[in-house]
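Report on the structure given below.
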Amino acid sequence: METADPHADVAMDVEERAEAETGSEAESSVGDDAEDDDLSVLMRAWVNERGAPELLEYEGAALENLMELVEFQTQRIASQPAVVANILRMDVDRVKYLVRSYLRARLAKIERHTAHYLGSPEHRARLSQNELDYAQGFAALEERHLRRSFLDQLDPHLRRLDETAAEGMDMVPRPDLDAAVFCRVRATVGEFQFDASEDPIVMRRNNIFITRYSIVRSLLADGKVELI
Amino acid sequence: MATSEAQQEGFTMPELEYLAQCEDVTIVPLHRMERLELVRGAVGPFRPPQKTQVPLWLAVMLKRANRCRIVAPAWLGADHLRALCREEDAPDALFTRLPPHYLEIAHALLAVAEDDLADAQAVRRLLQDLRETRQTKTREGLKLLNSLQLQMDNLSAAEINEIRPLFGRSFDMLRRLDALAATAADRAHRGSQLGPADDSQYADDADDDDFAYAR
């Protein structure tokens with residue numbers, strides 16, 4: 001036990017230093033500036049997109065900038081020595097992987113709730129032009145398939161795909177905005193009320209919560225929290 | 001399908017590794033090399049024996065080609081891990097502080113740079129202990145889950161991903177039960193206010209909502 005104690009001191013020292021470092025970070029209330037380059041933006045957008053039940057804002061600018069950079073780097077590779085060329089190729093491939101994963105995560109949501117996203121201008125605005133084309137094509141295919149396989153044999157008044165009855169009954173499948181999400185606080189929020197009937201909880205940088213998506217939805221849009 | 005079933009449930013192991021590989025580690029280059037212009041910005045220059053910071057994927061690549069030595073991060077030392085294990089084990093202790101991708105980084109370094117770690121065997125064993133202690137604690141945490149929020153600071157990305165299916169579904173189920181209980185309470189309240197005159201409607205409802213009324 002005695003031999004272990006000096007180790008503990010060293011370890012505590014490391015811990016304290018880590019504490020001090022994060023302490024000073026926590027003081028700057030704005031998110032980490034260093035993480036606002038296009039690559040970090042898209043990386044966070046990908047992770048958020050995978051965590052969120054609904055489609056988020058499209059990070060078109062970051063994505064386009066990155067694709068331009070990828071193009072530029074690809075042209076540069078040919079003139080580099082083998083070692084460097086290998087590294088640059090790996091780097092470019094990693095960015096492409098990220099872009100693909102991001103777009104796929106979005107397509108998966110669009111396929112699942114096509115009618116929902118096409119249904120209102122507010123939701124449509126979140127789709128890129130390519131995604132909008134895809135969604136419309138997908139919806140048309142699905143509708144044709146349903147009509148051919150059985151809808152056309154039904155009475156005309158039973159053929160609709162987007163009926164909304166009274167009492168909140170709705171034919172269009174919509175994302176569950178109350179679904180559970182895990183989030184990490186990026187910039188200290190301060191006291192935050194999860195529910196009107198509960199005491200507020202202080203949200204500090206790096207705190208992690210599991211909660212309903214709808215509760216942190218606006219914090220996520222403001223970049224105050226990220227999903228994990 | 002645009003994503004696989006496993007991907008709808010959270011991240012896959014390779015995806016977590018991908019994220020971890022973007023984290024910086026310190027290396028000591030063994031060969032001279034000019035600055036590298038990567039998509040995320042420049043790294044280097046590489047001037048042995050000057051330390052420099054590179055993303056983990058590059059460190060792994062250089063290490064495999066025998067072009068660098070990786071400096072083990074402070075938290076991956078046997079002494080530090082031993083202290084963390086003790087702290088983690090203390091009664092009522094919260095989760096100890098570790099990098100969000102500590103498991104993936106440790107895994108990568110133990111795989112390619114074992115010779116750069118002091119006492120790699122001990123590190124491996126301690127990581128395993130730490131992980132198991134934390135898993136036990138996480139399972140205990142399930143008891144605290146409610147339908148509103150639960151704070152779980154310092155859980156790492158891989159640990160969260162591991163509990164995501166269970167915690168996520170339990171959370172959603174609790175939420176549905178709460179909503180059901182609230183409707184039931186609301187109806188009971190309304191029923192008592194309206195008095196016996198409205199009995200017929202009350203009886204009708206009981207048929208399709210028997211789950212809520214059974215409680």
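Some observations on this one:
- Here is the list for the range A:59-167: GluC sites (Glu not before Pro) lying in DSSP coil, each with at most 13 other C-beta atoms within 10 angstrom of its C-beta, are A:GLU163, A:GLU167.
- Estimated FRET transfer efficiency (B:ALA74, B:LEU94; beta-carbon r; R0 25 Å; 0.05): 0.75
- Taking amide hydrogens as placed 1.01 Å from N in the peptide plane, the amide H of B:VAL25 sits under 5 Å from those of B:VAL54, B:LEU56, each at least 5 positions away in sequence or on another chain.
- Residues B:TRP57, A:TRP46 in ascending order of nearby Cβ atoms (within 10 Å, fewest first): B:TRP57, A:TRP46.
- Peptide B:7-13 has a mean of 3 when you count, residue by residue, the C-beta atoms of other protein chains within 10 Å of its C-beta.
- Stretching the chain fully between A:ASP176 and A:HIS123 yields a gain of 17.6 nm (0.36 nm per residue, less the alpha carbon separation).
- Sorted fewest first by neighbouring Cβ atoms within 10 angstrom, B:THR26, A:THR211 come out as B:THR26, A:THR211.
- The overall shape of the protein assembly as shown is oblate: from the C-alpha gyration tensor, with semi-axes ordered a ≥ b ≥ c, the ratio a/c is 1.5 or greater and a/b is no larger than b/c.
- Placing pseudo-labels 7 Å out from each Cα toward the beta carbon at A:ALA61 and B:ALA122 gives an inter-label distance of 5.1 nm.
- Assigned charges on the beta-carbon of Lys, Arg, Asp, Glu; chain B dipole about Cα centre (debye): 1580 debye
- Residue exposure proxy: B:LYS143, B:LYS137, B:LYS51, B:LYS63, ordered by other Cβ atoms within 10 angstrom of their Cβ from fewest to most, comes out as B:LYS143, B:LYS51, B:LYS137, B:LYS63.
- Dipole moment magnitude, nearest 20 debye, the protein assembly as shown about Cα centre, only Lys, Arg, Asp, Glu C-beta charged: 1760 debye
- For the range A:176-228, the convex hull drawn through the C-alpha positions has a volume of 70 cubic angstrom per residue.
- Straight-distance crosslink candidates among lysines, where the alpha carbon sits under 26 Å from B:LYS51 and sequence neighbours closer than 8 are dropped: B:LYS63
- Other-chain or far-sequence residues with amide H under 5 Å of B:LEU30's (modelled H): B:CYS68, B:ARG69
- The mean count of C-beta atoms from other chains within 10 Å of the C-beta of residues in A:131-142, rounded to a whole number, is 0.
- Shape of the range A:98-205, Cα gyration tensor, a/c cut at 1.5: oblate
- Unit Cα scatterers, Debye sum, the range B:5-153: log10 I(q)/I(0) for q = 0.16 Å⁻¹: -0.96
- Modelled label positions at B:HIS31 and A:GLU143, each set 7 Å beyond Cα in the direction of Cβ, lie 6.0 nm from each other.
- Inter-label distance, nm, simple model (7 Å from Cα along the C-beta direction), B:ALA184/A:ASN86: 6.5 nm
Throughout, read-outs are computed from the coordinates displayed, never taken from laboratory work. Source: prediction; values computed, not measured. Here the Cβ is made from the backbone with ideal geometry for all residues, glycine too, and neighbour counts use every protein chain on show.
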